[in-house]
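Data first, discussion second: the structure below is written as C-alpha coordinates.
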Amino acid sequence: MAAAARFLLRGAGSKASIANVNIGDQSLFGITLLRLSPNCSSQTKTQRRNAAHFTYHPDPVPTEYGPTTKMNLFQSVTSALDNTLASDPTAVIFGEDVAFGGVFRCTVGLRDKYGKDRVFNTPLCEQGIVGFGIGAAVAGATAIAEIQFADYIYPAFDQIVNEAAKYRYRSGNLFDCGNLTIRAPWGCVGHGSLYHSQSPEAFFAHCPGIKVVIPRGPVQCKGLLLSCIADQNPCIFFEPKILYRAAVEQVPTEAYTIPLSQAEVIQEGSDVTLVAWGTQIHVLREVANMAQEKLGVSCELIDLQTILPWDTETVCKSVAKTGRLLISHEAPITGGFAAEISSTVQYLQLMLHLPSHCKHQSQIINWVVRALNADWLTAVLYQIVYHRYEKTCIFTSLIKLVTS
(Lines give C-alpha, C1' and ligand atoms only; values in the text may rest on other atoms or scores of the structure.)
Protein backbone atom coordinates (compact mmCIF):
# COMPACT_ATOMS: atom_id res chain seq x y z
CA MET A 1 0.00 0.00 0.00
CA ALA A 2 3.01 2.28 0.29
CA ALA A 3 3.16 2.69 -3.50
CA ALA A 4 -0.53 3.44 -3.60
CA ALA A 5 -0.09 5.93 -0.76
CA ARG A 6 2.48 7.78 -2.88
CA PHE A 7 -0.12 7.89 -5.64
CA LEU A 8 -2.66 9.45 -3.29
CA LEU A 9 -0.19 12.04 -2.07
CA ARG A 10 0.82 12.99 -5.61
CA GLY A 11 -2.85 13.34 -6.44
CA ALA A 12 -3.17 15.84 -3.63
CA GLY A 13 -0.32 17.92 -4.99
CA SER A 14 2.24 16.83 -2.44
CA LYS A 15 5.83 15.92 -3.26
CA ALA A 16 6.46 14.21 0.06
CA SER A 17 7.98 10.75 -0.21
CA ILE A 18 6.47 8.03 1.92
CA ALA A 19 9.80 6.23 1.86
CA ASN A 20 11.22 8.92 4.15
CA VAL A 21 8.21 9.47 6.35
CA ASN A 22 8.59 11.10 9.75
CA ILE A 23 6.06 12.17 12.33
CA GLY A 24 5.19 15.34 10.47
CA ASP A 25 4.73 13.47 7.21
CA GLN A 26 2.38 11.01 8.89
CA SER A 27 0.17 13.89 9.93
CA LEU A 28 0.33 15.25 6.39
CA PHE A 29 -0.68 11.84 5.06
CA GLY A 30 -3.69 11.69 7.37
CA ILE A 31 -4.78 15.21 6.46
CA THR A 32 -4.41 14.35 2.76
CA LEU A 33 -6.68 11.33 3.17
CA LEU A 34 -9.27 13.46 4.93
CA ARG A 35 -9.19 16.02 2.13
CA LEU A 36 -9.51 13.33 -0.51
CA SER A 37 -12.60 11.90 1.17
CA PRO A 38 -15.81 13.65 0.06
CA ASN A 39 -17.85 15.34 2.80
CA CYS A 40 -15.30 14.18 5.33
CA SER A 41 -13.98 15.78 8.47
CA SER A 42 -12.01 14.44 11.39
CA GLN A 43 -15.07 14.83 13.59
CA THR A 44 -17.34 12.71 11.38
CA LYS A 45 -14.69 10.04 11.06
CA THR A 46 -14.22 9.68 14.79
CA GLN A 47 -17.97 9.56 15.26
CA ARG A 48 -18.27 6.76 12.66
CA ARG A 49 -15.48 4.74 14.23
CA ASN A 50 -17.36 1.43 13.96
CA ALA A 51 -17.93 1.62 10.19
CA ALA A 52 -16.25 -1.30 8.42
CA HIS A 53 -14.02 -0.68 5.41
CA PHE A 54 -15.61 -3.57 3.50
CA THR A 55 -18.94 -5.31 2.98
CA TYR A 56 -19.17 -8.80 4.40
CA HIS A 57 -20.59 -11.37 1.99
CA PRO A 58 -21.43 -14.67 3.70
CA ASP A 59 -20.36 -17.95 2.19
CA PRO A 60 -22.99 -20.40 0.91
CA VAL A 61 -24.71 -22.45 3.60
CA PRO A 62 -22.67 -25.64 4.17
CA THR A 63 -24.65 -28.84 3.69
CA GLU A 64 -22.07 -31.49 4.51
CA TYR A 65 -21.92 -30.93 8.28
CA GLY A 66 -25.53 -31.33 9.34
CA PRO A 67 -28.07 -28.79 10.72
CA THR A 68 -27.07 -25.14 10.85
CA THR A 69 -28.05 -22.08 12.82
CA LYS A 70 -27.33 -18.39 12.39
CA MET A 71 -24.13 -17.34 14.14
CA ASN A 72 -21.71 -14.45 14.03
CA LEU A 73 -18.01 -15.15 14.33
CA PHE A 74 -17.71 -14.94 18.11
CA GLN A 75 -20.71 -17.25 18.48
CA SER A 76 -19.02 -19.76 16.17
CA VAL A 77 -16.01 -19.67 18.50
CA THR A 78 -18.30 -20.30 21.47
CA SER A 79 -19.94 -23.19 19.62
CA ALA A 80 -16.57 -24.79 18.86
CA LEU A 81 -15.46 -24.47 22.47
CA ASP A 82 -18.79 -25.84 23.68
CA ASN A 83 -18.44 -28.88 21.38
CA THR A 84 -14.92 -29.47 22.69
CA LEU A 85 -15.80 -29.21 26.38
CA ALA A 86 -18.77 -31.54 25.86
CA SER A 87 -16.80 -34.24 24.05
CA ASP A 88 -13.41 -34.02 25.80
CA PRO A 89 -13.41 -34.26 29.62
CA THR A 90 -9.75 -33.16 29.72
CA ALA A 91 -10.42 -29.86 27.91
CA VAL A 92 -9.88 -26.65 29.88
CA ILE A 93 -10.24 -23.01 28.82
CA PHE A 94 -8.35 -20.25 30.60
CA GLY A 95 -7.24 -16.66 30.13
CA GLU A 96 -7.93 -13.12 31.25
CA ASP A 97 -11.66 -12.65 31.98
CA VAL A 98 -12.78 -15.82 30.18
CA ALA A 99 -14.83 -16.93 33.20
CA PHE A 100 -17.48 -14.25 32.67
CA GLY A 101 -17.37 -14.60 28.89
CA GLY A 102 -14.33 -12.57 27.83
CA VAL A 103 -14.17 -9.05 26.46
CA PHE A 104 -15.62 -10.25 23.14
CA ARG A 105 -18.07 -12.74 24.76
CA CYS A 106 -16.47 -15.76 23.08
CA THR A 107 -16.68 -17.90 26.24
CA VAL A 108 -20.00 -16.63 27.56
CA GLY A 109 -22.00 -19.26 29.46
CA LEU A 110 -19.30 -21.92 29.38
CA ARG A 111 -18.23 -21.63 33.02
CA ASP A 112 -21.84 -21.97 34.18
CA LYS A 113 -22.31 -25.01 31.96
CA TYR A 114 -19.04 -26.85 32.62
CA GLY A 115 -17.84 -25.52 35.96
CA LYS A 116 -15.16 -23.23 37.30
CA ASP A 117 -12.51 -25.97 37.18
CA ARG A 118 -12.72 -26.15 33.39
CA VAL A 119 -13.30 -22.50 32.45
CA PHE A 120 -11.37 -20.10 34.65
CA ASN A 121 -9.58 -16.78 34.82
CA THR A 122 -5.82 -16.30 35.01
CA PRO A 123 -3.68 -13.42 36.28
CA LEU A 124 -2.80 -10.67 33.79
CA CYS A 125 0.35 -12.44 32.67
CA GLU A 126 0.55 -13.72 29.08
CA GLN A 127 3.81 -15.52 29.71
CA GLY A 128 2.17 -17.33 32.61
CA ILE A 129 -0.95 -18.15 30.58
CA VAL A 130 1.04 -19.88 27.84
CA GLY A 131 3.46 -21.47 30.31
CA PHE A 132 0.52 -22.93 32.23
CA GLY A 133 -0.98 -24.14 28.95
CA ILE A 134 2.24 -25.91 28.00
CA GLY A 135 2.33 -27.70 31.34
CA ALA A 136 -1.33 -28.67 31.14
CA ALA A 137 -0.91 -30.02 27.59
CA VAL A 138 2.20 -32.00 28.52
CA ALA A 139 0.26 -33.51 31.44
CA GLY A 140 -2.43 -34.72 29.01
CA ALA A 141 -5.07 -32.01 29.09
CA THR A 142 -6.54 -30.32 26.01
CA ALA A 143 -5.41 -26.79 26.86
CA ILE A 144 -7.14 -23.83 25.19
CA ALA A 145 -5.55 -20.53 26.19
CA GLU A 146 -6.92 -17.10 25.36
CA ILE A 147 -4.67 -14.07 24.92
CA GLN A 148 -7.04 -11.12 25.26
CA PHE A 149 -5.61 -9.34 22.19
CA ALA A 150 -3.00 -10.52 19.72
CA ASP A 151 -1.13 -7.32 20.55
CA TYR A 152 -0.57 -8.70 24.06
CA ILE A 153 1.00 -11.96 22.92
CA TYR A 154 4.59 -10.69 22.93
CA PRO A 155 5.31 -11.32 26.64
CA ALA A 156 4.51 -14.98 25.84
CA PHE A 157 6.79 -15.04 22.80
CA ASP A 158 9.58 -16.92 24.57
CA GLN A 159 7.18 -19.54 25.92
CA ILE A 160 5.69 -20.06 22.46
CA VAL A 161 8.82 -20.18 20.28
CA ASN A 162 11.36 -21.62 22.73
CA GLU A 163 9.17 -23.96 24.75
CA ALA A 164 5.90 -24.92 23.04
CA ALA A 165 7.28 -25.08 19.50
CA LYS A 166 10.41 -27.02 20.49
CA TYR A 167 9.09 -29.32 23.22
CA ARG A 168 8.79 -32.38 20.98
CA TYR A 169 12.14 -31.70 19.29
CA ARG A 170 14.13 -31.24 22.49
CA SER A 171 12.77 -34.49 23.99
CA GLY A 172 13.35 -36.58 20.89
CA ASN A 173 9.57 -37.00 20.52
CA LEU A 174 9.24 -38.49 24.01
CA PHE A 175 7.07 -35.58 25.14
CA ASP A 176 5.06 -32.85 23.42
CA CYS A 177 2.50 -30.13 24.10
CA GLY A 178 0.55 -30.69 20.92
CA ASN A 179 -2.75 -30.38 22.78
CA LEU A 180 -2.17 -26.64 23.26
CA THR A 181 -4.22 -24.12 21.29
CA ILE A 182 -3.72 -20.37 21.77
CA ARG A 183 -6.59 -18.10 20.68
CA ALA A 184 -6.28 -14.34 20.24
CA PRO A 185 -8.39 -11.54 18.68
CA TRP A 186 -6.39 -10.17 15.76
CA GLY A 187 -6.24 -7.39 13.20
CA CYS A 188 -7.49 -3.87 12.76
CA VAL A 189 -10.86 -2.34 13.49
CA GLY A 190 -10.06 1.21 12.37
CA HIS A 191 -9.83 2.72 15.86
CA GLY A 192 -7.81 0.27 17.94
CA SER A 193 -4.56 2.22 17.92
CA LEU A 194 -1.31 0.57 18.94
CA TYR A 195 -2.49 -2.09 21.41
CA HIS A 196 -5.63 -3.32 19.63
CA SER A 197 -4.81 -3.34 15.91
CA GLN A 198 -1.79 -5.53 15.25
CA SER A 199 -1.41 -8.52 12.96
CA PRO A 200 1.62 -10.44 14.33
CA GLU A 201 1.32 -13.65 12.31
CA ALA A 202 4.66 -13.16 10.52
CA PHE A 203 6.56 -13.25 13.84
CA PHE A 204 5.43 -16.83 14.39
CA ALA A 205 5.71 -17.96 10.77
CA HIS A 206 9.49 -18.07 11.27
CA CYS A 207 9.15 -20.73 13.98
CA PRO A 208 8.94 -24.44 13.08
CA GLY A 209 6.94 -26.58 15.46
CA ILE A 210 3.74 -24.52 15.64
CA LYS A 211 0.82 -23.89 13.31
CA VAL A 212 -0.70 -20.48 12.64
CA VAL A 213 -4.29 -20.22 11.41
CA ILE A 214 -6.55 -17.25 10.55
CA PRO A 215 -10.20 -17.72 9.44
CA ARG A 216 -12.26 -15.42 7.22
CA GLY A 217 -15.74 -16.09 8.60
CA PRO A 218 -17.88 -18.04 11.08
CA VAL A 219 -18.06 -21.34 9.15
CA GLN A 220 -14.29 -21.46 8.63
CA CYS A 221 -13.70 -20.19 12.17
CA LYS A 222 -15.48 -23.06 13.86
CA GLY A 223 -14.10 -25.77 11.57
CA LEU A 224 -10.52 -24.50 11.67
CA LEU A 225 -10.59 -23.91 15.44
CA LEU A 226 -11.77 -27.47 16.04
CA SER A 227 -9.00 -28.68 13.71
CA CYS A 228 -6.43 -26.72 15.73
CA ILE A 229 -7.74 -28.17 18.99
CA ALA A 230 -7.57 -31.71 17.56
CA ASP A 231 -4.17 -31.24 15.91
CA GLN A 232 -1.17 -32.85 17.59
CA ASN A 233 0.92 -29.69 17.33
CA PRO A 234 0.60 -26.46 19.29
CA CYS A 235 -1.50 -24.01 17.28
CA ILE A 236 -2.01 -20.25 17.32
CA PHE A 237 -5.50 -19.29 16.20
CA PHE A 238 -5.93 -15.61 15.34
CA GLU A 239 -9.54 -14.39 15.15
CA PRO A 240 -10.30 -11.23 13.10
CA LYS A 241 -12.01 -9.12 15.74
CA ILE A 242 -13.66 -6.77 13.26
CA LEU A 243 -15.62 -9.83 12.09
CA TYR A 244 -16.80 -10.93 15.55
CA ARG A 245 -20.18 -9.27 14.98
CA ALA A 246 -19.94 -8.11 11.36
CA ALA A 247 -19.67 -11.63 9.95
CA VAL A 248 -22.89 -13.65 10.16
CA GLU A 249 -23.48 -17.03 8.49
CA GLN A 250 -25.37 -20.27 8.84
CA VAL A 251 -22.98 -22.42 10.89
CA PRO A 252 -23.34 -26.14 11.64
CA THR A 253 -24.25 -26.77 15.27
CA GLU A 254 -22.39 -30.08 15.55
CA ALA A 255 -18.61 -30.44 15.60
CA TYR A 256 -16.80 -30.56 12.26
CA THR A 257 -13.27 -29.88 11.04
CA ILE A 258 -11.73 -28.07 8.09
CA PRO A 259 -8.26 -29.34 7.08
CA LEU A 260 -5.30 -27.18 8.08
CA SER A 261 -2.65 -26.12 5.56
CA GLN A 262 -5.16 -26.18 2.70
CA ALA A 263 -5.88 -22.90 0.95
CA GLU A 264 -9.32 -22.39 -0.56
CA VAL A 265 -9.97 -20.98 -4.02
CA ILE A 266 -12.99 -18.78 -3.33
CA GLN A 267 -13.37 -17.36 -6.83
CA GLU A 268 -12.02 -18.76 -10.09
CA GLY A 269 -10.24 -16.36 -12.46
CA SER A 270 -7.82 -16.25 -15.36
CA ASP A 271 -5.90 -12.95 -15.34
CA VAL A 272 -4.49 -12.40 -11.85
CA THR A 273 -4.24 -14.34 -8.59
CA LEU A 274 -5.24 -12.52 -5.39
CA VAL A 275 -4.05 -14.05 -2.09
CA ALA A 276 -5.03 -12.99 1.42
CA TRP A 277 -6.31 -14.29 4.76
CA GLY A 278 -8.70 -13.15 7.46
CA THR A 279 -10.38 -9.78 6.94
CA GLN A 280 -8.47 -8.97 3.77
CA ILE A 281 -10.36 -11.69 1.92
CA HIS A 282 -13.47 -9.50 2.03
CA VAL A 283 -11.54 -6.44 0.90
CA LEU A 284 -10.14 -8.40 -2.04
CA ARG A 285 -13.61 -9.67 -2.96
CA GLU A 286 -14.57 -6.07 -3.61
CA VAL A 287 -11.31 -5.35 -5.44
CA ALA A 288 -11.95 -8.36 -7.67
CA ASN A 289 -15.42 -7.03 -8.50
CA MET A 290 -13.96 -3.60 -9.26
CA ALA A 291 -11.35 -5.18 -11.54
CA GLN A 292 -14.00 -7.10 -13.46
CA GLU A 293 -16.35 -4.14 -13.81
CA LYS A 294 -13.83 -1.40 -14.57
CA LEU A 295 -10.96 -3.26 -16.25
CA GLY A 296 -12.48 -6.47 -17.54
CA VAL A 297 -9.87 -8.33 -15.50
CA SER A 298 -10.74 -11.79 -14.17
CA CYS A 299 -9.34 -12.38 -10.66
CA GLU A 300 -8.79 -15.69 -8.91
CA LEU A 301 -9.19 -15.20 -5.15
CA ILE A 302 -7.45 -17.53 -2.69
CA ASP A 303 -7.91 -17.65 1.08
CA LEU A 304 -4.66 -18.99 2.53
CA GLN A 305 -6.33 -19.88 5.87
CA THR A 306 -3.20 -21.49 7.35
CA ILE A 307 -0.11 -19.28 7.52
CA LEU A 308 2.21 -21.99 8.81
CA PRO A 309 2.63 -24.39 7.14
CA TRP A 310 1.04 -22.74 4.10
CA ASP A 311 -0.34 -24.32 0.95
CA THR A 312 2.28 -23.61 -1.71
CA GLU A 313 0.73 -25.99 -4.22
CA THR A 314 -2.63 -24.24 -4.53
CA VAL A 315 -1.09 -20.77 -4.78
CA CYS A 316 1.62 -21.74 -7.28
CA LYS A 317 -0.84 -23.68 -9.44
CA SER A 318 -3.06 -20.60 -9.63
CA VAL A 319 -0.15 -18.28 -10.49
CA ALA A 320 0.98 -20.70 -13.20
CA LYS A 321 -2.49 -20.26 -14.72
CA THR A 322 -2.90 -16.50 -14.35
CA GLY A 323 0.74 -15.36 -14.63
CA ARG A 324 0.24 -12.59 -12.05
CA LEU A 325 0.07 -12.46 -8.27
CA LEU A 326 -1.15 -9.81 -5.82
CA ILE A 327 -0.88 -10.46 -2.06
CA SER A 328 -2.57 -8.29 0.54
CA HIS A 329 -2.35 -8.30 4.33
CA GLU A 330 -2.86 -5.87 7.20
CA ALA A 331 0.59 -6.26 8.73
CA PRO A 332 3.53 -3.97 7.87
CA ILE A 333 5.21 -4.63 4.54
CA THR A 334 8.79 -5.25 5.73
CA GLY A 335 9.13 -8.86 6.83
CA GLY A 336 5.44 -9.51 6.26
CA PHE A 337 4.33 -13.00 5.28
CA ALA A 338 3.59 -11.81 1.76
CA ALA A 339 7.36 -11.62 1.23
CA GLU A 340 7.62 -15.36 1.90
CA ILE A 341 4.77 -16.12 -0.49
CA SER A 342 6.11 -13.91 -3.26
CA SER A 343 9.68 -15.21 -3.00
CA THR A 344 8.52 -18.83 -2.98
CA VAL A 345 6.23 -18.31 -5.96
CA GLN A 346 8.87 -16.42 -7.93
CA TYR A 347 11.47 -19.13 -7.27
CA LEU A 348 9.18 -21.99 -8.21
CA GLN A 349 7.83 -20.24 -11.29
CA LEU A 350 11.34 -19.36 -12.44
CA MET A 351 12.77 -22.81 -11.82
CA LEU A 352 9.82 -24.96 -12.85
CA HIS A 353 7.16 -23.39 -15.06
CA LEU A 354 7.59 -19.67 -15.69
CA PRO A 355 4.56 -18.14 -17.49
CA SER A 356 5.12 -17.69 -21.19
CA HIS A 357 5.01 -13.89 -21.03
CA CYS A 358 7.90 -13.79 -18.51
CA LYS A 359 10.96 -15.12 -20.32
CA HIS A 360 13.67 -13.52 -18.21
CA GLN A 361 14.33 -13.26 -14.49
CA SER A 362 14.39 -9.46 -14.74
CA GLN A 363 10.70 -9.52 -15.66
CA ILE A 364 9.63 -11.38 -12.54
CA ILE A 365 9.25 -8.25 -10.45
CA ASN A 366 6.60 -6.96 -12.83
CA TRP A 367 4.09 -9.72 -12.14
CA VAL A 368 4.23 -10.01 -8.37
CA VAL A 369 2.87 -7.15 -6.26
CA ARG A 370 2.51 -6.82 -2.49
CA ALA A 371 -0.33 -4.44 -1.63
CA LEU A 372 0.11 -4.10 2.10
CA ASN A 373 0.01 -1.89 5.12
CA ALA A 374 2.78 0.67 5.48
CA ASP A 375 5.83 0.59 7.73
CA TRP A 376 4.60 3.25 10.11
CA LEU A 377 1.85 3.64 12.71
CA THR A 378 -1.12 5.64 11.49
CA ALA A 379 -2.38 8.28 13.91
CA VAL A 380 -5.51 7.15 15.75
CA LEU A 381 -7.51 10.03 14.29
CA TYR A 382 -6.81 8.86 10.73
CA GLN A 383 -7.05 5.08 11.13
CA ILE A 384 -10.63 4.73 9.90
CA VAL A 385 -9.89 7.08 6.99
CA TYR A 386 -6.80 5.06 6.07
CA HIS A 387 -8.78 1.84 5.92
CA ARG A 388 -11.55 3.47 3.87
CA TYR A 389 -8.96 3.95 1.10
CA GLU A 390 -7.61 0.41 1.39
CA LYS A 391 -9.55 -0.87 -1.61
CA THR A 392 -8.42 2.11 -3.70
CA CYS A 393 -4.79 1.42 -2.80
CA ILE A 394 -5.04 -2.27 -3.67
CA PHE A 395 -6.96 -1.54 -6.87
CA THR A 396 -4.23 0.90 -7.92
CA SER A 397 -1.63 -1.83 -7.36
CA LEU A 398 -3.71 -4.23 -9.42
CA ILE A 399 -3.90 -1.76 -12.32
CA LYS A 400 -0.12 -1.47 -12.26
CA LEU A 401 0.17 -5.25 -12.18
CA VAL A 402 -2.02 -5.97 -15.20
CA THR A 403 -0.70 -3.10 -17.33
CA SER A 404 3.04 -3.59 -16.73
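Tabulated data
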{"item": "Boolean, Gly336 is open to solvent by less than 10 Å² (accessible area, probe 1.4 Å) and within 16 Å of Val212 (Cα to Cα)", "result": "yes"}
{"item": "Candidate set: region 272-324, residues that are part of a loop (DSSP other than H, G, I, E, B) and open to solvent by 10 Å² or more (accessible area, probe 1.4 Å); chosen: the one farthest from Gly209 (Cα to Cα)", "result": "Gly296"}
{"item": "Matching residues, region 57-89, being loosely packed, with under 14 Cβ neighbours inside 10 Å and β-branched (Val, Ile, Thr)", "result": "Val61, Thr63, Thr69"}
{"item": "Unmet criterion (only one of (1) closer than 23 Å to Ile341 by Cα; (2) open to solvent by 10 Å² or more (accessible area, probe 1.4 Å); (3) out of contact with any Lys or Arg (no Cβ under 8 Å at 6 or more places or on another chain)) for Gly209", "result": "(3)"}
{"item": "All positions within region 95-114 that are in contact with a Ser or Thr (Cβ under 7 Å, 6 or more places away or on another chain) and part of a loop (DSSP other than H, G, I, E, B)", "result": "Glu96, Gly101, Cys106, Thr107, Val108"}
{"item": "Boolean, Phe120 is surrounded by 15 or more Cβ atoms within 10 Å (Cβ to Cβ), out of contact with any Cys (no Cβ under 6 Å at 6 or more places or on another chain) and of a type in the set (Phe, Trp, Tyr)", "result": "no"}
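The values are calculated or read from the model by the stated rules, or taken from the named source; none is laboratory data. A quick note: this is a predicted structure, and the numbers were derived from the prediction, not measured. Don't worry about glycine lacking a Cβ; one is built from the backbone with ideal geometry, like all the others, and counts go over all protein chains shown. Calculation scope for accessible area: heavy atoms of the full protein, side chains included, ligands and nucleic acids excluded. Shrake-Rupley method; radii C 1.70, N 1.55, O 1.52, S 1.80 Å.
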